[in-house]
Ligand code: PAZ
């Protein structure tokens, strides 16, 4: 996993070629304020020489209407990103957490959502005051201390997006702000990003009317079909004509963050495709690491694919008595996975796979920084 020398990296920022995306799709309103926040955060950590990771987390939406009632979504809850962010903080990083609005956040994730509602951790004291149930106090105190430390030391910047368009603009902006960090910038792209989108000029302004798909009516007069939406001959079906999302990873590698280390995730559902797809992504984008995972086992195993290295599997203990494994993929039966999942759901398996993934990434990032420094010294 070699860093690229500054001469290999392009001096000018190449446009995302396909349909000049950023010319055609307007930036989100928050971009200016995010730029200010991001700039101040990066310059703070640049001064202290700290490594900074941009963690992306959660799914992106593809709105079907400008005044959005309906949208296409990705499944991600943001567990991978929020959990990884905590381990990066533990490893001394400052973290920019670019997440889908309302998805899981570092630290608060322990007490949110329906499976672990914060109210279940509370109790009423004899004097009528609300307190944390003594059973959970020790764990909560640990989480609270880490959360406060991250906040007080300005090590965690939370920025959100909802749509694919907001995601792309914010990623671009933050990556460019992180350029002064050189190889100390790490990109850990765990968000589930849509592969398809509806370009701005084809999004209908108002809610698509199911009764009028063929000939929508505005102010009593028939109008043409909403842009981007085509109907079948019967007029009953909604056909959505989506464009491919531009290959932003290539642009990130070549233009926005030529000196940083870039880690992407690859999600598949077919086990026979995972490794080859991870390698294909590496070949296509020439970045530094692809972490592959399957939808069904993503909490218990991942595979690392990096240039000129054997694949490395990371597996959490199968049946809580067995040690975790890194290296070759262990031969596990479906029943083993089932047992692991059940133990995890019952809260018996506490080890989070991100606690194994992040230190491996940190190790690779350290080597990457050292090599970059050697290359610079030789020049
Ligand atoms: O957010 P989560 O923990 O439910 O899921 C994480 C994940 C599967 C979205 C992530 O590990 C991942 O693979 N992200 C990249 C998805 C992709 O675009 O291929």
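The values are calculated or read from the model by the stated rules, or taken from the named source; none is laboratory data. This is a predicted model, so every value here is computed, not measured. FYI the Cβ positions are ideal-geometry reconstructions off the backbone, even for glycines, and counts take in every protein chain you see.
Would you be able to say whether some residue in the stretch 345-358 is more than 29 Å from residue 89 (Cβ to Cβ), more than 14 Å from the ligand (Cβ to nearest atom) and free of Cβ contacts under 8 Å to residues at least 40 places away in the same chain? No. Within the stretch 185-205, residues that are in contact (Cβ under 8 Å) with a residue 24 or more places away in the chain sit with their Cβ atoms under 7 Å from residues that are part of a helix (DSSP H, G or I) and within 10 Å of the ligand (Cβ to nearest atom), at 6+ positions apart or across chains, in these pairs: 188/84; 190/80; 190/81; 190/84; 191/81.
Just one residue in the set 92, 59 is loosely packed, with under 13 Cβ neighbours inside 10 Å and either out of contact with any helix residue (DSSP H, G or I) (no Cβ under 9 Å at 6 or more places or on another chain) or more than 15 Å from residue 160 (Cα to Cα) (or both); that residue is 92.
Residue check: is residue 97 within 14 Å of the chain's Cα centre (by Cα) and within 9 Å of the ligand (Cβ to nearest atom)? It is false that residue 97 is within 14 Å of the chain's Cα centre (by Cα) and within 9 Å of the ligand (Cβ to nearest atom).
Residue 261 passes every criterion in (1) buried (at least 16 other Cβ atoms within 10 Å of the Cβ); (2) within 13 Å of the ligand (Cβ to nearest atom); (3) modelled with pLDDT of 95 or more apart from (2). Could you tell me whether any residue of the stretch 310-331 is farther than 20 Å from residue 264 by Cβ and assigned to a helix (DSSP H, G or I)? For the stretch 310-331, residues farther than 20 Å from residue 264 by Cβ and assigned to a helix (DSSP H, G or I): absent.
Here is a yes/no grid of residues against (1) surrounded by fewer than 16 Cβ atoms within 10 Å (Cβ to Cβ); (2) at negative phi; (3) more than 13 Å from the ligand (Cβ to nearest atom):
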position: 271; (1), (2), (3): yes, yes, yes
position: 280; (1), (2), (3): yes, yes, no
position: 285; (1), (2), (3): no, yes, no
position: 288; (1), (2), (3): no, yes, yes
position: 313; (1), (2), (3): no, yes, yes
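Per-residue answers, yes or no, for (1) assigned to a strand (DSSP E or B); (2) away from the ligand (no atom under 15 Å from the Cβ); (3) free of Cβ contacts under 8 Å to residues at least 60 places away in the same chain; (4) at negative phi:
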residue	(1), (2), (3), (4)
40	no, yes, yes, yes
47	no, yes, yes, yes
50	no, yes, no, yes
54	yes, no, no, yes
62	yes, no, no, yes
67	no, yes, no, yes
81	no, no, no, yes
104	no, no, yes, yes
110	no, no, yes, yes
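Annotation: of all residues in the stretch 174-209 being farther than 22 Å from residue 364 by Cβ and in a strand (DSSP E or B), the one that is modelled with the lowest pLDDT is 204.
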